[in-house]
Each structure stands twice: as C-alpha cells, then as structure tokens.
C-alpha cells in the first residue's frame, strides 16, 4: 500500500510514530506561520501541518500550491494537537509533514465536496463520481453494503441458498412493461429483462432447493414517477414446505435482525392487521403506524339532522387531530384545498373544533347543536383542544382521501419522525382487483398467488371478495416487502389464468413451462420480495432512494453522467436485424 | 413448517421420536410383506417403511400408489434399522409410517433423477427444473453459493465495500459485441448491458471508495463457443493507493481462503511467471503447471546437420514425455496428425525415442547419429524410456503448437488430475497486440491498463514490446482472473487512446466522462476480475461451467426451457420505435 494508515485511523496512542497517509485535500488553512491541511479518505479526515521556518521551504511551497481535491501522499510524524477537536475521531492528533507528493492534481470541482453541497441535482448527477465523495452519499452506500451483508448472514444462517437466476429471459405481456433485448443470433426475436425472478424461484422450489434467496437486479420499463428507477434491486426469497406463518416469522426475523445489527435497535414483534382493517381504520393498505389517529365512522350519530352531505353518504368518517382546535381559518382552508385536489378527490372537508372551554365550533353548526357535536366528539374520545376532521361520500374513495389527510396531519403534527420505526404485517389481501380500464379482474399480487381455500367457492360468484394468501411488510407507511403462498398445482393455476382472462393458448405460451413443472411434483411453497433500495433509504432515514444507488438514472430514465441511452451504429442495428422507425 | 425434520437429519439417537418429513419419492421397493420408500429432499434421503398386516391397510394402499417424484408428507416413528447402511448419514434409522399424505402427484419424469441420469443434454435443458433435482447438479450450485459466501467474507474482512453498478449502461464499439436495450422513452436510442463494470469501478475509485467489489452479472453477445454463456458472473474488484504487489497479495489471499474454506486445502504461495517465460517455457500465457514438461530449445545442437527443417527454423523446440519411448508407430502418427490440424498448425512432428537399452531411435536418423541424438537428449535430461517430441518453425506459432501438444501429452500421461490444483500468477503482459484483421494494435487487456513506466519510451518505436502492469491468475491451465494497474491521469489515457487508433472525438464520445473524471483527483488504482462460473467449475472438478449455472443457455444462446428469445408484440415494437427487418 502507498500508505501506512488511513485518514480515520490515528489516535493519541500513536504519537511520535512515522506514518504515510494518502487522500484528498479537503481544505488548507494558511496562517502564514502555520499551514494546515485536512486530508480526507473514505475512512475519515486527518489534520496535517507545516511550520514556516521549521518545515522544509520546498515542502511549504508545494503545500501552498495544493488545491481542493488534489490527491497527495504525505509522510510525517504523529503529534499531539494543542487544541484538540473532540468532534472527529482523529481530533487529538495531527501530522507534522516531512514529505509531500502530489499524486494527482484536480480541477476545481463544480460543487463543494461537503456534508451539504451547493450543487443542484442536475450537476450532482452529471458529476456523480464527485457527489459520491460527499460523506452523506458515501455513508448511504456503506449502509447499503451493510444491509446486504447482514441479510446474507441471516439467510445463510437459516440454510437459504443464494442462486443466480438469468437476466436474459422472456417477455410476458402481463404486468408492467418489459425492457427487451434484440437477439443477434435469432433475428426478429427478443430476450426480456426480468421484472422479478418470480417464475425461476418457483422452479427452484420445484427442483427441491427448499430455501432460496437472491439479492438481484430487476427491471421495469415504466414512466418514471419521482423516486422510481428503471433498474432496482430486490431481496428475493422463496421457501418450500411452509405455511404462511413460517414465512411471516422467518422474514420478521430478517427485519428484526437488520434493525438490530445495522441500526442497533431492538424492535418489538411486528404487529399484524388484515387488509380490510387497514382500509377501514387507515384508508390505506400500507398505514403509517408511527402514529395512531385511527378513523372513526360516525354515520349513525350524524344522520337525519338535515345535512344532506352526511345523509346521502355511504360513509361519514373522520380523524381526531390532537391539540389542533386552534387551527386558523386559513389553516382549515388549506386542509380543505388539500382534500379537494383531484388526486385526493374529496368534495369538501367538515371540521369540529373542541374548544378548550368545552364548547364546540364546527363548519356544520347549522345542522348540529352543541349536544349533537359533543355526541360526535365522544365517538372520537376527543378532548378539549382537539380538532375533528370529517369526510363523507362513497366508502372506498372517502377512506383513501381521509388516509391522505391523516398522513398530512401526521406530518404537520411532527408524528412522522424518520428516526422512529413502526413495522406492520398487512395480511389477507384480495386475490383480484377490478380494473376499470380493461374492464376485467387483474391479479392484485401476481397470477401465482394462491386464493384462501375457504374463499375458493366465491371465485365464480364474487371474485372481488376472494382473499389471497398474500402479505405485505410495511414500515412507516411504506411497503417494503410483499409476497404470497403460491399455487403449486396445475388445475388451480389454470383456473386462475382463466379468471384473469387468459385464453388457454396464451397461458400456455407464456407460462407453459411453469404449469408443466407443476405436474412433476411441485411442493407447497411461498415467498416474499423486499425492495432493497427502499429498505435501505428507510434505514438511512431518507425520503429518496437515489442516494442509496451508486449511479442512479434521472426521471427521464437517463444516465446523464455517461450520457445513456444513446444511438448505436448502423452496423449494430443491421446485425440485430432491426431498424429504428423514422 | 410442514415437517419436523429434513430428510438428511435423523440419526440413531432419535430412535422412538415421532417425526414428520416431507420430500420426493426417490423410489419404492415393495416386497409384499414390507414396503420401503426412499424419501428425498435437498438435505438427504431417509428410508420409510410399512409392514403388511401391521401397518394400516389404507396407508399401504396409498403407499402402493406412489410414483417416482411424488411429493409427500409422512409422519411416523424413528426406528433402528436391522440392516444398516453406512454409506448414507441416515443409514442407521428408518421411519415406521403412521400417516402419509400426498401433497402433489408427479408424472413420470422424462429422465431418471439419479446421480447419473439417462437424460441427454437437450432433454435435461428443457426440463432443467428436474435436472436440478439431481445430486451432482444441486451440489454444484451449493458449491457456488459457498464460493460466493466465502468471497464476501474474505473481502468484507478487508474493508471492501460491495457496490452495485448499473446494468443499463452505454454501448461502446471497443471490445466484444454489446447486447443493447431499445429505449421507449427515448426512441432511437439504446442502453447496453455491461461486458464488465470496468469504467464504473474506476469511477468509484475516483470517488474515494478505496476498496470495491461486486459479484456481478456481465454480458457479451459473442458467437458462443462450447462453454461460453451470453451472461456470466464476475467477482469484480478494485483498490486505490496500491502497487501491483498489493493486488497480487490481496487476491492470492482470496484464492487461498477459498481453497481453505471451500475445499479444505492449504495451497502453497502462488508462484509467479512472466508472460515471456510462460510463452517460452510452455507456449501459453496460461500454462497448466500441474505437470512440468517444460520446453527445451535445441536450435544450437540441431543445426548444421543437413536437416533443412531444423536449419531453416527460427525455433527448434521440444518436450520430453517421460516413459513414452514405447509409443507405437500408430500413437506417434496420431500425435503428428494432432499437431498438423489447422487449429494447431505445425507442419510435422519429429520424435526421438530414448530406448530402454540406452540407444536412440528417431524420425531424423538420416541426419543425426547416435551421439548427436544423445547430445540432444542430454539437453532434455532425458532418461532411457523417455520420448522427445520436437517441433520447428516460426517462433510464436511453434511455441503455441507445442503448448497444445504438451497439454495433450499431459492428459495422456494422466498428469491433469481434476482434484489437484496448481495456481500461477502470469505477469508483465504486453500492453498491445497486433491485430492482422484490422491492421492495428489493440489493447491486450483493455484500454485502461497502464504501461510499465520503464517501457513508456518504446510506445512510439516498438509498441509491441511495451509491457503492461497486467496480470492473470491461472489455475490448472485456465485463466480464472485477470487485471491491471490502471491509468489514472488524462494525458496518459489520451496517449493510449491515440495509440489504439481512437480519434480524439471517438475517445471523448465513448469515454469522455472517465477522462474528465481523471481531472478531478483520480487516485492511483488497479484491480482484478475473476470469472466466477469458471472458478466454481474448477473447484467442482468439472470440465463444463454449465452445471454451475442454475438456468444456462444452450450454444445457440437459447433458453429451451422457457423458449427464449421469442417474438414480441407489434405494440411493444411500436412503443420502442423499432421494426424488425424483413
């Protein structure tokens, strides 16, 4: 090594040692008589110094030429600092430079390489290799490394085998759009990049692999919403000879292991909630349970008072915002505007202030007197000082809208601390969901998910109410993992494809190999997949996954650093047997 | 779990325990009064039995219906076997069945699920999920898992960080053909799949990541020779602030760690050889050093005897095949035919038999008398009973041909035992190699490899003789890893591109981002990449990598199980803005 120590390593116990360090010049401070250099590498920062009159004049001259981000090799003697810095691990020492070599110069970086940078998003993406030098970004990727490491340690310890599944697979129209790869050896044919290794991991179960996992890249050619990436990473797992309970306990174990080893946090047992309860109480299949603010349904105590909005509503439901009775007219108007946004879709917002003096003030005072308002407030266990916010309308839409309002109130009340973690299993998802656009049922999870045996009889008569053996793991209101017990016999799988509107021919063409495999002794099996990028960003307390990916793409799916995608040569196109349309 | 134990777990100490096992019916033996079932899972095989008259009649009826590969759940009592089988870990016990449930039936598999199968390659590939049930294939993938696990343990222990680099990158004409991915959001533009994460790992060094690794899928759209796969896996590594010596010792350490932990073998320090020595002594840059049989050059003792083949040859060189003097005329003719094959390219083969009685018999007796032959034999330290095999001709071609002959003789003499391992570093590769087809120099390793400083002055005058800071790790005559110390400054990188025939514009278009990165403080760095599939197959003592890949493609790049590549819909093509040529 060109160094004897890293820049994060030296302590007071090493005083008088002769050392050589390498790294980047973070900054220099030239006081005339004394010149300090902060030298940085991945491991930390160490202070170096030269003294006018005492240090070699040539050394001083070289040091005075150093710019930010120059790469240098420095030899010297470890000395005790006069004024120690207890904020950095190397803060008790500094290096008295006796030799200094510039290993590489640097142009002035387009933004500062500091904890908080002055670079905008576009610039940071273009010079991603400089952005990666910044501590928070580097630490995010180090956290990711540790998450992967600990995931493997946990799963290896339970006899899981990591098996690599292929990246060049086959396009299937079901689900999201595939990225495809034209074949040169078979012109006119295409491989597809996997959206998940789903069918392969199921085949591995048919093969008897029993416990499989893989930390694996997956691909989805979707129009990118903020914080979606065309390539993303999953922790993909599958087990045989299990019940749903085995999957839940195994992967609850994984999550607890990660919290323990990566964050040093002992989390309690992961609570469970059915999909129906989640929708009823939180208006979401991924409720943020860092705070309570459960829905209260008040149809009974609000009807028949002449307020037509309530009387006509399928559902009247509200939340109690603790201590918000003092909200101003303006604040309440903002909340109303929020719920009336098209993506939220409510028609209006009703409020009831539980005043500190025990009286009530509401937007429906015309229809409800003090006693009636008190009666409603009682349903919420509201205390003086609280604010009740109510929506009314069609059940499903109203719940979703109130779910969004609940999150907003949670944020406004500071109840969504990124450094607090609340986990939840959501169970018993519906098997199918109706799609207005295609006017047919789609698999809510995917077509390989098994229906609950006790609901099978509803498949013909009430397909929408059939529950699946499907589950999601939710942390802080984000779905970080989801899975199911799979179908493992051909008749049930065929039935499922029929209900999803596949013709026998289509089903055979796309998944014939899997259905055939089910005829050669497929074991009962099930699994789960975690969104690794998202899981890492949650652990890192970040909103965006972007800094947990070394080289992310922008919202247009473009890597602006390497300038990709880009045109290819006409020879390449010709070899592939394809043309670009005009 | 649907089981209390696996099929590989029960021992004599568990006699009388009530257990439940699940697995596949390996075979049943019905002796009338007794019926045995071998139940198999990933962990082993356990024998089950039922007794006519004693066991429940219904159970017996169900058991008699069981076919091969049926999936069953069995409960029963662990009993001591009368006739024990010391060849299987569970051989001291058997399970007396008290309950039996068929979890899934199986059609008769198209080939036997045994150690050695009757299935041909095509059938095994089509039903890969059944082939994977066979012990040798499953064990190969378990070995692979262990290799990956131990690789990570070793590198994690040395502070390497695993960083995922992108899969959707940019096509570059240099090197092998890229697989490309048409962009839907940017019609007419394409991503490419990486042939290696080379530029990204170098950027990570520029970012200060210091020690990087990744076990990563790479892609090459090449015409597939036997045992090449379009997608393959690398252990990809890079380090900063190092010398070549640091790389060699770090990754020698990795290889020794893998031999120790995976194979239980302590291998000695890895010997080193220059590229020139390897070519001179073995005619190969990846010599199989499990056996000696070094080349001996005999121009001096063969010239001037009137044998024009020797006299005109740039090089006369041979090997001594120990104890082969008894080779028959037919055997010698076969060796001659071998070296004359077009892919070997020699014009003929000269032999000298060192007879047991101390005399010599050669194919050039017309030109060399006994004393002269003895003189030649002396150069080889040949003993009575040995056979000398000589080739003559142009230096490079002759060495390569003799290298092939040497390997053949090694095989014939049983010197290439798959369970013996001989490792070697080959160092000081040439920087450039002349390409007859393109009539220009190409980078032997890749364009980012640094020339040796002491050879830089030859770049203009004798580019072919400039040595690179490049190295390969060879095991048993197979290159399993290769790497180099990289260029880390823009002027040298530009110079290199110029010598490779890149115009300034081309270089900028393809690698502008890397050259620009070198201007912002790139540290000295270097690295290595190992072919993981090959490394695993070597450790597994196999010739082919195919069974160390769960779902390999055939030699036409096709996955015959899922039938990929395949056509895609016209809607997909339209969205991508491409057409398939007629």
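Worth a mention:
- Panel order for B:496, A:1, by other beta carbons found within 10 Å of each beta carbon, from fewest to most: A:1, B:496.
- Percent of Cα pairs in the stretch A:290-369 per distance bin of 5 Å, from zero to the largest separation: 3, 12, 20, 26, 24, 12, 2, 0.
- Take every pair of alpha-carbon atoms less than 8 Å apart whose residues are at least six positions apart; their mean separation over the length of the stretch A:293-416 yields a relative contact order of 35 percent.
- As an equivalent ellipsoid, the stretch A:1-49 spans semi-axes of 19, 14, 9 angstrom, where each value is the square root of five times an eigenvalue of the C-alpha gyration tensor, largest first.
- Sorted from closest to farthest, the other copies place their residue A:501 label points 5.5 nm away, with each point set 7 Å from Cα along Cα→Cβ.
- Rg/Rh for the stretch B:425-582 (Cα atoms only, Rh after Kirkwood) is 1.08.
- Dividing the mean sequence gap of close Cα pairs (under 8 Å, 6+ apart) by how many residues chain B holds gives a relative contact order of 13 percent.
- Against chain B, whose longest principal axis comes from its Cα atoms, helix B:244-258 is set at around 30 degrees.
- Exposure proxy for A:354, B:218: other Cβ atoms within 10 Å of each Cβ, ordered fewest to most, give B:218, A:354.
- Nearest-ten-degree value, helix B:370-379 long axis tilted from longest Cα axis of chain B: 70
- Cβ-vector label at 7 Å, residue B:356, separations to other copies in nm: 11.6
- Cα gyration tensor shape of the stretch A:325-369, rounded if a/c is under 1.5, else prolate or oblate by comparing a/b with b/c: oblate
- Alpha-carbon Rg/Rh ratio, for chain A, with Rh computed the Kirkwood way: 1.06
- Convex hull volume of the Cα atoms of the stretch B:309-465, normalised per residue: 176 Å³.
- Descending principal axes extents, the stretch B:232-309, alpha-carbon based, whole Å: 57, 33, 28
- Relative contact order, whole percent, for the stretch B:12-104 stands at 33, derived from Cα pairs under 8 Å and 6 or more residues apart.
- What separates the residue B:300 label point from its copies, with the point 7 Å along Cα to Cβ, is 11.0 nm, written shortest first.
- Tensor-based shape of the stretch A:32-71 (alpha-carbon gyration tensor, a/c under 1.5 rounded, otherwise prolate or oblate): prolate
- Rounded Å value of the spacing that divides the Cα centres of the stretch B:467-486 and the stretch A:38-110: 36
- The spacing between the stretch B:532-575 and the stretch A:428-451, judged by their C-alpha centroids, is 32 Å.
- Residues A:428, A:30 in ascending order of nearby Cβ atoms (within 10 Å, fewest first): A:30, A:428.
- Alpha carbon Rg of the stretch B:144-197, scaled by the compact-globule rule 2.2 N^0.38 Å: 1.61
- Calculated SAXS-style log₁₀ I(q)/I(0) at q = 0.16, 0.21, 0.26 Å⁻¹ - the stretch A:190-264, Debye, Cα scatterers: -0.78, -1.04, -1.15
- Against the rule of thumb 2.2 N^0.38 Å, how large the Cα Rg of the stretch B:29-169 comes out: 1.44
- Spatially, the stretch B:352-408 and the stretch B:255-289 are offset by 27 Å when compared through their Cα centroids.
- The shape of the stretch B:218-350 comes out prolate: with a ≥ b ≥ c from the C-alpha gyration tensor, a/c is at least 1.5 and a/b beats b/c.
- Taken over the stretch A:12-104, the ratio of Cα radius of gyration to 2.2 N^0.38 Å equals 0.98.
- The angle separating the long axis of helix A:329-340 from the principal Cα axis of greatest extent in chain A is about 70 degrees.
- With semi-axes defined as the square roots of five times the eigenvalues of the C-alpha gyration tensor, the equivalent ellipsoid of the stretch A:403-486 measures 31, 16, 10 Å, largest first.
- Each residue, residue A:371 and residue B:378, gets one label point 7 Å from its Cα in the Cβ direction; the gap between the two is 13.0 nm.
- Diffusion coefficient (Stokes-Einstein, Kirkwood radius over C-alpha pairs, 20 °C, 1.002 mPa s) for the protein assembly as shown: 62 µm²/s, rounded to a whole number.
Only the coordinates and a few stated rules stand behind these numbers; no lab work does. Note that the structure is predicted; figures quoted are calculated from it, not measured. Note: ideal-geometry Cβ built from the backbone for every residue, glycine included; neighbour counts use all protein chains shown.
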